[in-house]
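These notes are about the structure you will find just below.
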Amino acid sequence: MLLSLSDISKSYNTPEGKVEVLKAIDISVSSGQSVALTGESGSGKSTLLHLAGGLDRPDRGRILMNDRDVTALDEPGRAQYRRTDVGLIFQQFNLVPSLSVDANIAFHAKLAGRYDAAWQRDLIDQLGLASLTHRYPEQLSGGQQQRVAIARTLAARPQLVLADEPTGNLDEATGDAVLDLMLSLSRTVGSALLLVTHSMRLADKLDRKVLLRGGKIVA
Ligand SMILES: Nc1ncnc2c1ncn2[C@@H]1O[C@H](COP(=O)(O)OP(=O)(O)OP(=O)(O)O)[C@@H](O)[C@H]1O
Ligand SMILES: [Mg+2]
């Protein structure tokens with residue numbers, strides 16, 4: 001097993017009191033597998049991705065990546081984990097505003113020590129970004145930024161890609177095409193994929209579907 005979350009609970013303190021978002025959840029992803037994470041708005045999908053990505057810690061439970069306990073890592077250890085083990089594609093793309101498209105795509109790959117110029121060019125071509133490489137993020141449309149975020153993550157060839165609605169800003173046809181491309185590029189890299197989507201049609205393209213409801217995995 002590549003990633004396994006067991007008995008994971010997470011709650012937040014809010015002005016209305018404590019909200020239990022995840023209640024003793026178990027989920028695992030094997031190497032190279034693609035898993036769709038679905039559930040209505042507020043069901044805890046992004047929370048689960050943040051925990052798996054080492055951005056936040058659960059209240060209870062264990063997260064193992066290649067049998068290594070992510071929950072036991074201190075902050076520098078988690079930063080290292082985020083650089084080298086996982087690739088994150090967020091709902092808001094988190095591109096570096098002061099870097100060109102080209103430099104944004106190279107950034108994580110270089111941090112992870114896996115920069116490969118030929119692979120980067122390949123990604124840029126396949127994602128239709130060739131004419132935009134000298135632009136800055138603010139000069140791009142939402143859909144273009146989304147494709148840059150996808151290229152940036154895949155450029156670093158992580159073992160696991162955690163993607164939060166990576167095609168949410170794209171029209172249906174472009175979203176379908178970009179998801180197909182993500183699946184085939186992930187296969188090329190050998191990356192596993194845990195992908196949040198609201199679309200059952202997109203979820204059906206992946207190896208497995210899981211549904212979050214009421215803080216539990218129900219399917
Ligand atoms: N930092 C936080 N502090 C307090 N509450 C939070 C925090 N982050 C998320 N929540 C709450 O936790 C619940 C789950 O949020 P989360 O963002 O994981 O949902 P989601 O399934 O990703 O929703 P969406 O589909 O709208 O993106 C929501 O009720 C949200 O209001
Ligand atoms: Mg979310």
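The values are calculated or read from the model by the stated rules, or taken from the named source; none is laboratory data. No experiment lies behind these values; they were computed from the predicted model shown. Positions of Cβ are generated from backbone atoms using ideal geometry, with glycine treated the same way; all protein chains shown enter the neighbour counts.
Summary table below
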quantity: Spans of strands (runs of 3 or more DSSP E) in the range 19-118 with at least 1 residues touching a Leu at 6+ places or on another chain (Cβ under 9 Å) and within 16 Å of ligand 2 (Cβ to nearest atom); calculated: 34-38, 86-89
quantity: Pairs with Cβ under 7 Å, 6+ apart, first in the range 127-155 and under 13 Å from Pro97 (Cα atoms), second outside any helix (DSSP H, G or I) and among the small types (Gly, Ala, Ser); calculated: His134/Ser100; Arg135/Ser100; Tyr136/Ser100
quantity: Which numbered condition Arg187 fails, given (1) under 16 Å from the mean Cα position of the chain (by Cα); (2) buried (at least 19 other Cβ atoms within 10 Å of the Cβ); calculated: (2)
quantity: Ala163 vs. criteria modelled with pLDDT of 95 or more, within 16 Å of ligand 1 (Cβ to nearest atom) and not basic (Lys, Arg); calculated: yes
quantity: Flag for Glu75 being more than 17 Å from the chain's Cα centre (by Cα), exposed (fewer than 14 other Cβ atoms within 10 Å of the Cβ) and more than 16 Å from ligand 1 (Cβ to nearest atom); calculated: yes
quantity: Hey, Val70 more than 28 Å from Asn169 (Cα to Cα) and within 16 Å of ligand 1 (Cβ to nearest atom) or not; calculated: no
quantity: Of all residues in the range 21-43 being out of contact with any Lys or Arg (no Cβ under 8 Å at 6 or more places or on another chain) and more than 25 Å from Asp67 (Cα to Cα), the one that is surrounded by the fewest Cβ atoms within 10 Å (Cβ to Cβ); calculated: Ser41
quantity: Conditions (1) within 19 Å of the chain's Cα centre (by Cα); (2) polar (S, T, N, Q); (3) within 13 Å of ligand 1 (Cβ to nearest atom): number failed by Ser30; calculated: (3)
quantity: Positions within the range 178-200 being more than 16 Å from ligand 2 (Cβ to nearest atom), in contact (Cβ under 8 Å) with a residue 12 or more places away in the chain and of a type outside the set (A, V, I, L, M), in sequence order; calculated: Asp180, Ser186, Arg187, Gly190, Ser191
quantity: Single residue of Asp74, Asp59, Asp69 found to be of a type in the set (Asp, Glu) and touching a residue at least 12 places away in the same chain (Cβ under 8 Å); calculated: Asp59
quantity: Pairs with Cβ under 6 Å, 6+ apart, first in the range 87-99 and in contact (Cβ under 8 Å) with a residue 24 or more places away in the chain, second in a loop (DSSP other than H, G, I, E, B); calculated: Gly87/Ala156; Gly87/Pro158; Leu88/Gly53; Ile89/Pro166; Gln91/Glu165
quantity: Single condition Ile8 does not satisfy, out of (1) more than 14 Å from ligand 2 (Cβ to nearest atom); (2) over 18 Å from Leu212 (Cα atoms); calculated: (2)
